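Coordinate-derived values only; no laboratory data. All values derive from a computational prediction rather than experimental measurement. Please note: Cβ atoms are built from the backbone with ideal geometry, for glycine as well, and neighbour counts cover all protein chains shown.
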Amino acid sequence: MEPVDPIHLAEPGLLVLDITAPDETTLRTAAEHLGRHWATSGTPTARRTPGEPGVTGRLYADLRRPGTAPGPGSV
C-alpha cells in the first residue's frame, strides 16, 4: 500500500483503514457494513501481495458524517 496522505487525516474524525480479509467477498462485505455507519470512500480495490494470505484494501471514513441506512430486508 502507498503511504497515507496527510490530507486524509487533516481533522479529528477522519480515518484511513487498511483492511485485510481472506477473500474479495469478505472485503466488500466489510466495506458495505462500515458504510452503513459512517461516510466512506466505498468499496476498496482488492490487492493481493504475493506470498501473503488474503486480500487488502484501503478505505477512507469520516466518523462525523452518517453512512447509508440499511435497505429493507438487510441484516
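Of note:
- Taken about its Cα centre, the chain carries a charge dipole of about 200 debye when Lys and Arg each add +1 at the Cβ and Asp and Glu each add -1 at the Cβ.
- Using the Karplus relation 6.51 cos²θ - 1.76 cosθ + 1.60 with θ = phi - 60°, the per-residue 3J(HN,Hα) values for the range 37-46 come to 9, 9, 5, 10, 7, x, 6, x, 6, 6 Hz, with x marking Gly and Pro.
- Couplings 3J(HN,Hα) for the range 55-68, derived from phi with the Karplus relation 6.51 cos²θ - 1.76 cosθ + 1.60 (θ = phi - 60°), are 10, 10, x, 10, 10, 9, 9, 10, 6, 7, 10, x, x, 8 Hz, where x marks Gly and Pro.
- Based on Cα contacts under 8 Å between residues 6+ apart, the chain shows a relative contact order of 36 percent.
- The P(r) of the chain has a tail past 21 Å containing 32 percent of all C-alpha pairs.
- Contour minus Cα-Cα distance for residue 29 and residue 10 (0.36 nm per residue): 4.1 nm
- Summing charges over all other residues whose Cβ lies under 12 Å from the Cβ of residue 2, with Lys and Arg as +1 and Asp and Glu as -1, gives 0.
- A simple count of charges around residue 58, restricted to other residues whose Cβ falls under 10 Å of its Cβ and scoring Lys, Arg +1 and Asp, Glu -1, yields -1.
- Other-chain or far-sequence residues with amide H under 5 Å of residue 55's (modelled H): 21, 23
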